[in-house]
Every structure is written in structure tokens, then in C-alpha cells.
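The values are calculated or read from the model by the stated rules, or taken from the named source; none is laboratory data. All values reported here derive from a predicted model rather than from experimental measurement. All accessible areas refer to the heavy atoms of the entire protein, side chains included, with ligands and DNA or RNA removed. Shrake-Rupley method; radii C 1.70, N 1.55, O 1.52, S 1.80 Å.
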Amino acid sequence: MTAIIITLLLLLIGGFIAFAIWLQLKEKARLDELRKVAGLNNELRQVRRYLDEMPPQYQPKDMRSWLFKRTIAILDQLIHIKPDASLTRRRSVLMEEMKAFQDGDQKRRAKPMNDEILITEVKRLFDSFETYLSVSQREKTIDEKQSSRYFKLVSFFKYKVQSDFHAYGARKALLSGQHEVALEMYNEALSQLSPVKDLPQAQPTLLKYNEAVTEINEAIALKKAEEEEKQKVEDIPTSEVYDDEWGKFVEDSTFKKKEKF
């Protein structure tokens with residue numbers, strides 16, 4: 001009888017321990033799921049931020065397409081873990097947005113780089129995106145060739161964003177007729193690109209800014225020549241001007257007398 005009681009107690013204790021372990025495992029699984037969902041939601045917000053806040057001129061079409069695909073992939077993971085109607089609708093809207101972007105030929109309007117605070121924020125966005133690319137490489141959500149291309153582009157954009165800031169100031173100075181200021185700022189824009197001047201993607205911008213510098217130099221030279229010519233006229237002695245005018249008057253008077261005669 002005692003043996004039966006001991007056996008029952010052991011079974012009861014064993015069952016209790018098994019139940020406790022099962023509860024612990026279930027709780028661990030629940031916490032793991034919560035952590036995974038939180039991580040995916042953070043990644044979703046992060047990728048959406050790149051899509052929305054990275055200026056169009058620093059977001060090539062293939063890069064933006066990849067970000068769209070990553071967003072959809074993250075939503076798929078969230079829906080798989082915990083099906084949700086709002087997530088499904090969100091995914092559907094995003095798919096339409098991506099398709100419209102990929103099928104459209106209209107170039108997205110560049111965002112003016114006209115504020116130093118904005119420049120700082122964009123550079124931080126580039127740093128964050130580089131970190132995200134490194135994580136994506138480790139997790140195999142991007143291939144090496146693609147990530148290498150984006151790393152090089154972002155590295156170039158870090159210089160170009162500062163160059164674009166000075167070029168914007170140069171254009172603004174030109175509109176107000178400040179040619180010397182515009183020239184100085186365009187030269188600074190070129191200087192900002194000097195570390196990446198040999199990169200193929202830098203060539204169109206360098207060509208554009210160099211042409212602007214040439215045109216401004218020609219405008220300054222023409223303005224200087226006009227001012228020098230004007231100064232020469234102003235430097236002629238007043239007596240010579242009066243003598244010349246008097247001579248013309250006399251000649252004209254003589255001609256009229258002869259005509260009357």
C-alpha cells in the first residue's frame with residue numbers, strides 16, 4: 001500500500017514538474033514571439049522611414065524597390081505570426097504603391113538641400129541605412145552584389161548632400177545677381193566632391209557645376225568690361241566734352257548760314 005502511495009506521489013510530483021516545465025516553455029515561446037513581433041515592428045518603422053524620409057535624389061529606383069520588397073516581407077512575417085486584418089490591408093496598399101512606382105516613368109521631384117539641420121538629419125539617415133544594410137547582409141535578406149552597390153552609393157551621397165547644399169546657395173545668389181557669391185559657392189560645391197571626383201556617378205554633377213562656374217566667370221568678365229568702358233567715358237575731361245559739343249554747334253550753325261545765303 002505504501003509503495004502505491006509513493007508511486008502516486010512520485011507521479012503527481014513528476015506531473016507537476018512536467019506541467020511547470022510546459023508552462024515555462026509556453027511562457028518562453030510567448031515572450032520569444034513578443035520579442036520577434038516587436039523586432040519586426042521596429043524594422044518595419046525603420047524601413048518605412050527610409051522610404052518616406054530619404055530624399056528622392058538619394059534613393060535610386062532599384063534601392064527604393066528593394067525597400068518596398070523588404071517592407072512587404074516584414075509584413076508577411078507579422079501576418080504569419082499573428083494574422084491581422086489591418087496588416088493584410090496595409091500589405092495590399094503597399095503592394096499597390098510599389099507597383100505604381102515600378103511601372104511609373106515619372107521622375108520623383110528632388111528635395112532642396114537648403115538647410116544645415118536638414119543636411120545633418122539626412123546624413124544620420126545614411127548612417128542608419130548603412131547599419132541596416134550590414135544587418136541585412138548577415139541575415140541574407142540582400143545579396144552581396146546589391147549591398148555593395150548601395151554601400152558605394154551611400155558613401156557618395158554623404159559628399160553629394162553637402163555639395164548640393166552649396167549649389168543651392170549658389171543658385172539662390174545668382175537669382176539675386178550676386179555673381180561673385182555664386183561663384184564662390186559653386187567652387188565650394190566642387191570642393192566637397194573632390195574626395196569622390198573619380199567615381200562615375202559624380203561625373204554628371206561635376207560637369208554641371210563646372211559649366212555653371214564657366215558661365216558665371218564669363219558673366220563677371222562681361223560685367224567688368226562694361227564697367228571699364230563706362231569708366232573710360234566718365235574719365236574724359238569735361239572741357240573736352242564741351243569743346244567737342246561747341247565744335248559741333250559751330251559747324252551746324254555755319255552750315256545753316258551758308259544754306260540761307
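Within the accessible area of the stretch 67-226, what % is carbon and sulfur when the probe is 1.4 Å and the other protein chains stay in place? Percent of accessible area from carbon and sulfur atoms in the stretch 67-226: 52. Once the Cα atoms are used to define both axes, helix 144-175 deviates from the longest principal axis of the chain by about 30 degrees. Per-residue ellipticity at 222 nm from helix content only, as computed over the chain with -39500 (n - 2.57) for each DSSP H run of at least four residues, stands at -29500 deg cm²/dmol. Rounded to two decimals, the Cα radius of gyration of the stretch 40-131 over 2.2 N^0.38 Å is 1.19. Computed over the stretch 187-230, the quotient of the alpha carbon radius of gyration and 2.2 N^0.38 Å is 1.56. Strictly over 28 Å apart at the Cα level, which of K69/K208; K172/K197; K172/K232; K82/K123; K36/K158 would you flag in this model? Over 28 Å Cα-Cα: K69/K208; K172/K232; K82/K123; K36/K158. In the context of the full set of protein chains, the chain has a per residue accessible area of 70 Å² (1.4 Å probe).
Plainly put, the stretch 115-232 has a radius of gyration that is 1.18 times its Kirkwood radius, both from alpha-carbon atoms, as the Rg/Rh ratio. Take E96: with every protein chain present and a 1.4 Å probe, its accessible area is about 120 Å².
Might you work out the accessible area of D62 for me, using a 1.4 Å probe with all protein chains in place, and round it to the nearest 10 Å²? Number for this one is 60 Å².
Accessible area of K172 (1.4 Å probe, protein heavy atoms only, ligands and nucleic acids ignored): about 130 Å².
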